[in-house]
Amino acid sequence: MTGEISRRGIIGLGLGAAALSTVGRAQPRDAVGFALVGLGKLSLGQLVPAFRNCRHAQLTGLVSGHADKANRIASEQNLSANAVYSYANFDRIAVDPAIEVVYIVLPNFMHAEYTIRALKAGKHVLCEKPMASNVADAEAMVAAAKAANRKLMIAYRCQYEPLNLFGMRLVRSGALGKTRLVVTNMGRQADPNDPSDAWRLDMQKSGGGALADMGIYGINGARYLLNEEPVEVRAHAQTDRRDPRVQTVEDLITWECRFTSGAISTGSTSFNQAGTMAWEVYGERGKMIAEPGCFYNGNRLTVTGAEQPKIAEIDQFAREMDWMADVVRGRAPLVSPGEEGLQDMRLMRAILDSVARGGTPVRTDWGYRRAVDPAVAVGA
Ligand code: NAD
């Protein structure tokens, strides 16, 4: 169907990220054990295969409501029956030394409960984006990580991805001149008959439809490209309530963020558009266009006014899990901590507040500053 590209089609381009390398690497003896919570599309399509490409992370646990599915995957992955947990007996991971990190891959509204339970069980947590379905839950997650003295990382894979890192470094280098404008567009067609999309179209469960699912990449992207935080946001929505998909969420949302440097970012997102995850940076002297810029693979960058780079493709999920393993072992800084996820939750709320007030500007200068710049901390 023209223009109707499925999420898997657009961001996977038909390939699992792990398909980039079929040769597994032997994990060292101090590999960090990960349990996946939620065995849906992302876990089965990307994360389970990505462990083959990990150097420091190892799959050691599965948490699912479907025992048959979990047992089948355990057997395929050479895990014993003891490595399989249900949501009911999940807290028993506390006494499982093979699990050091719990990776939350559930619908957004379940992230807070399972993150907090995992932290209370003494585990570190890697949590999918958006970190929660509302700001209060996100705040509770950050507080729980502090209270438990455990690491909480949000799975912002693009902050560890070579093309996006190149873009950040080119902006920081000044080669394009002062950045004037960042434009992001993230969207696709949602399928209400796909259970994986049904919860995304439910405001209570997703926390914001396309904005929470895909727009968040543009909000986060503008922030990491510019390496500063917006001081003011205003936004509009165009939602046709005759479309059964958008009964509780907005459809097309556009927003504008102002930054202290004078740069402006504009973003848009929709679940009723041709699929893309694109960003553009316009400087005084040069520009770069990443289209796509945030897919699992096949990303492309066109630079004008500076040298065109050659960028390696990696397994983004393997890198992100390895990064978390290195954080746990004290070998790497926490680049995308809970606070980074909370900032996007607050900005999404500001965008929805502005939409509700007919585009009135909402101040967002509450003082958040990123602790670690990925452009500095993460290698190429
Ligand atoms: P999914 O719907 O395919 O999988 C969710 C899993 O949770 C399913 O196995 C489902 O059975 C289970 N589940 C348990 N209780 C449930 C309930 N009450 N309602 C619905 N499902 C329930 O979703 P997904 O695409 O795998 O996404 C999971 C998370 O990963 C989301 O937070 C999403 O935003 C994130 N995600 C991130 C990326 C990325 O590139 N980083 C890509 C896709 C998804």
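The values are calculated or read from the model by the stated rules, or taken from the named source; none is laboratory data. Here the structure is a predicted model, which is why all the values come from computation and not from measurement. Cβ atoms come from the backbone with ideal geometry, glycine included; neighbour counts cover every protein chain shown. Just so you know, the surface numbers come from the protein's heavy atoms only, side chains and all, with ligands and any DNA or RNA stripped out. Shrake-Rupley method; radii C 1.70, N 1.55, O 1.52, S 1.80 Å.
Values as computed for the structure displayed
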| item | result |
| --- | --- |
| Filter pass, Leu163 being open to solvent by less than 10 Å² (accessible area, probe 1.4 Å), in a loop (DSSP other than H, G, I, E, B) and over 20 Å from Met348 (Cα atoms) | no |
| Filtered residue count, segment 259-307, keeping only those that are open to solvent by less than 10 Å² (accessible area, probe 1.4 Å) and over 23 Å from the mean Cα position of the chain (by Cα) | 2 |
| Selected residue (criterion: least open to solvent (accessible area, probe 1.4 Å)) from residues of segment 99-108 that are more than 8 Å from the ligand (Cβ to nearest atom) and of a type outside the set (Val, Ile, Thr) | Tyr103 |
| Output for segment 27-45, where each listed residue is open to solvent by 10 Å² or more (accessible area, probe 1.4 Å), more than 29 Å from Arg200 (Cα to Cα) and modelled with pLDDT of 95 or more | Ala31 |
| Qualifying positions in segment 201-253 - more than 21 Å from Leu42 (Cα to Cα), of a type outside the set (S, T, N, Q) and part of a loop (DSSP other than H, G, I, E, B) | Glu228, Glu229, Asp240, Arg241, Arg242, Asp243, Pro244, Arg245, Val246, Val249, Glu250, Asp251 |
| Flag if Arg188 is open to solvent by 10 Å² or more (accessible area, probe 1.4 Å), at pLDDT 95 or above and charged (D, E, K, R) | no |
| Filter result (out of contact with any Pro (no Cβ under 7 Å at 6 or more places or on another chain) and either over 27 Å from Gly167 (Cβ atoms) or away from the ligand (no atom under 12 Å from the Cβ) (or both)) within segment 212-232 | Gly218, Ile219, Gly221, Ala222, Arg223, Leu225, Leu226, Asn227, Glu228, Glu229, Pro230, Val231 |
| Hits in segment 264-299 - residues which are over 14 Å from Gly221 (Cα atoms) and of a type in the set (A, V, I, L, M, F, W, C) | Phe271, Ala274 |
| Residue count, segment 112-154 (criterion: within 11 Å of the ligand (Cβ to nearest atom) and either open to solvent by 20 Å² or more (accessible area, probe 1.4 Å) or in contact with a Gly (Cβ under 9 Å, 6 or more places away or on another chain) (or both)) | 10 |
| Residue ID - least open to solvent (accessible area, probe 1.4 Å), chosen from residues in segment 46-90 that are under 24 Å from the mean Cα position of the chain (by Cα) and either hydroxyl-bearing (Ser, Thr, Tyr) or at pLDDT below 95 (or both) | Ser64 |
| Qualifying positions in segment 197-211 - out of contact with any strand residue (DSSP E or B) (no Cβ under 9 Å at 6 or more places or on another chain) and open to solvent by less than 30 Å² (accessible area, probe 1.4 Å) | Asp197, Arg200, Leu201, Ser206, Gly207 |
| Flag for Glu256 being in contact with a strand residue (DSSP E or B) (Cβ under 7 Å, 6 or more places away or on another chain), of a type in the set (Asp, Glu), open to solvent by 10 Å² or more (accessible area, probe 1.4 Å) and at pLDDT 95 or above | yes |
| Test set (1) outside any helix (DSSP H, G or I); (2) at pLDDT 95 or above; (3) within 16 Å of the ligand (Cβ to nearest atom) - Ile5 fails condition number | (2) |
| Single residue of Asp315, Asp326 found to be farther than 28 Å from Ala175 by Cα, of a type in the set (Asp, Glu), surrounded by fewer than 19 Cβ atoms within 10 Å (Cβ to Cβ) and in contact (Cβ under 8 Å) with a residue 60 or more places away in the chain | Asp326 |
